[in-house]
Amino acid sequence: MYGLVALLVVIGAAVAQVPQPCHSPPQWECREIKVDPQQKFLERRRLVYDATNRRERRLEEIEIGSDKSYYDQLILWNENKMYQVDLKTRKCNVTVPYRPFFQRGTFPGEKFDYEGVIGGAGLPNEHVTIQQFSMNTTGEYRASIVSSPDCVPITNIHITTKYGFEQSNYYDISVGITDPMAFIPPKECNSS
């Protein structure tokens, strides 16, 4: 009898050790690398993210010497509007967002997968503990890698049958929004 009680205590302690889904900060800024290997697509941009009000500002980084078009995008999902300014021509296009709002960082319903370390695990101030959470439902797969214990987003992978593959890697992250004008439509869009 005592052996069974001791076994249940050990099992209970082990189950209690499994990390629970954390809550990523609702507002933050970063630099982002968005990747779609199927379409051989890589985009570097500055991102200002606000989950509370469901809005994002994305400013693509321009490669010197490239003739590619670069964009400044403001997406306001609550208003169902997307402002896109071509940074070469300064022409504005106002449309509806091309996809629904995808929460960045952890997502409700995700389950803990694993914990690991990025960098030199045994070196002081040279590593970050990370956790991965994921969910897999019909037509959709999500994986979120976040720092631990603060749950700051590092990578999001989102695969849907409707919208395809989307992977975002975040760096130079700061929690909060420093630019109070980040979600004001660009001046080029005032006449649109």
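The values are calculated or read from the model by the stated rules, or taken from the named source; none is laboratory data. All figures in this text were calculated on a predicted structure; none of them were measured in a lab. Ideal geometry is used to build each Cβ from the backbone, glycine not excepted, and the neighbour counts take in all protein chains shown. When the accessible area is computed, the model is the full protein with side chains, heavy atoms only, and any ligands, DNA or RNA have been set aside. Shrake-Rupley method; radii C 1.70, N 1.55, O 1.52, S 1.80 Å.
Structure summary
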quantity	calculated
Peptide ranges 21-31, 68-78 listed from the most packed, as the mean C-beta count within 10 angstrom indicates	21-31, 68-78
Charge dipole (debye, nearest 20) of the chain; +1 at Cβ of Lys and Arg, -1 at Cβ of Asp and Glu	560
Cα-Cα over 23 Å, subset of Lys81/Lys111; Lys68/Lys91; Lys40/Lys111; Lys40/Lys68	Lys81/Lys111; Lys40/Lys111
Nearest-ten-degree value, helix 2-16 long axis tilted from longest Cα axis of the chain	10
Which labelled figure in [x] 174; [y] 193; [z] 126 is volume of the Cα convex hull per residue in Å³, once derived from the coordinates	[x]
Whole-percent carbon and sulfur share, accessible surface of the chain, 1.4 Å	57
FRET efficiency, Phe183 to Tyr98 (Cβ-Cβ, R0 22 Å, nearest 0.05)	0.75
Dipole of the chain, positive end: most advanced residue of Pro97, Pro25, Met181 [Cβ charges, Cα centre]	Pro97
Gln167 versus Ser69: modelled label distance in nm, points set 7 Å from Cα along the beta carbon direction	2.7
